[in-house]
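Report on the following structure.
Quick note: the coordinates plus some simple rules give every number you see, no bench work behind them. Worth saying up front: this structure is predicted, and the values here are computed from it rather than measured. Cβ placement follows ideal geometry from the backbone for every residue including glycine, while neighbour counts extend to all protein chains displayed.
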C-alpha cells in the first residue's frame, strides 16, 4: 500500500502543505495520522479518488505502471534508488547481481533498468553485452549508475547504456533521467 505525505500531495496539487492538512482534517481527503508524531499520510488510491472528485487531472507519475529493474550489489544504493523511484510512481524490481538481473529481465521485461558496473560475478559491462545481444530484451533502456570514473562511464555508454549517472546521485536527477528514458 503506497502512501503519500501532505508535502507530496501539495506538490502534485500546487498548493501549500497546510491546505492539504486542512483537507484531511475536514474529511475532504481521506487520510490518517501516524502514531507518535501525528503526521498525516494518505493512501495513493484515496488521493486519486479525491483528485477525480475535484475534477483535478491525475498526474501521470501517480498512475504509471512502468517497471524499473534496479541492479546493484550494494543494499544501501538499491534501497535508495527504490525509494526515489517508488516516490515517482514506478513499479520497482531489484536484483543484487548480474545473474539475478538476467533472470528478471527475461521473465518480466521491464521498460527501464538501472545498472551498477562493479558487481561480483557478472559485472555491469557483461550484463550490458548480454542485453544488447538478445533481441527479446535489447530494447530495454539502461541507466548506468556507478561510482567508477568518467572513463568507465564513457565505456558503458559506448557498450550500449542509454544514460549514465555517477554515484552518489541526485534524487531529482535520477527521476528526471528515468522519466526521459521511458519509451
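The table for this structure:
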{"read-out": "Set of region 143-159 residues, backbone N closer than 17 Å to the point 7 Å along the Cα-Cβ line of residue 123", "value": "144-159"}
{"read-out": "Extension gain (nm, one decimal) between residue 173 and residue 45, 0.36 nm per residue minus Cα-Cα", "value": "43.4 nm"}
{"read-out": "Within the chain, percent of DSSP bridges classed antiparallel, to nearest 5", "value": "20 percent"}
{"read-out": "Between region 98-144 and region 44-58, the Cα center-to-center distance that results, in Å", "value": "36 Å"}
{"read-out": "Where labels lie 7 Å past Cα in the beta-carbon direction, separation of residue 14 and residue 91 in nm", "value": "3.1 nm"}
{"read-out": "Highest to lowest packing among 157-164, 141-148, scored as the average C-beta count within 10 Å", "value": "141-148, 157-164"}
{"read-out": "Contour minus Cα-Cα distance for residue 166 and residue 25 (0.36 nm per residue)", "value": "46.5 nm"}
{"read-out": "Mean Cβ neighbour count within 10 Å, used as a protection proxy, ranking 89-98, 172-181 highest first", "value": "89-98, 172-181"}
{"read-out": "Fully extended contour minus Cα-Cα distance, from residue 106 to residue 79, at 0.36 nm per residue", "value": "7.5 nm"}
{"read-out": "Matching label, P(r) over Cα pairs in 10 Å bins from 0, in percent computed from the structure shown, candidates [x] 9, 34, 27, 18, 11, 1; [y] 9, 35, 30, 18, 7, 1; [z] 9, 38, 39, 13, 1", "value": "[x]"}
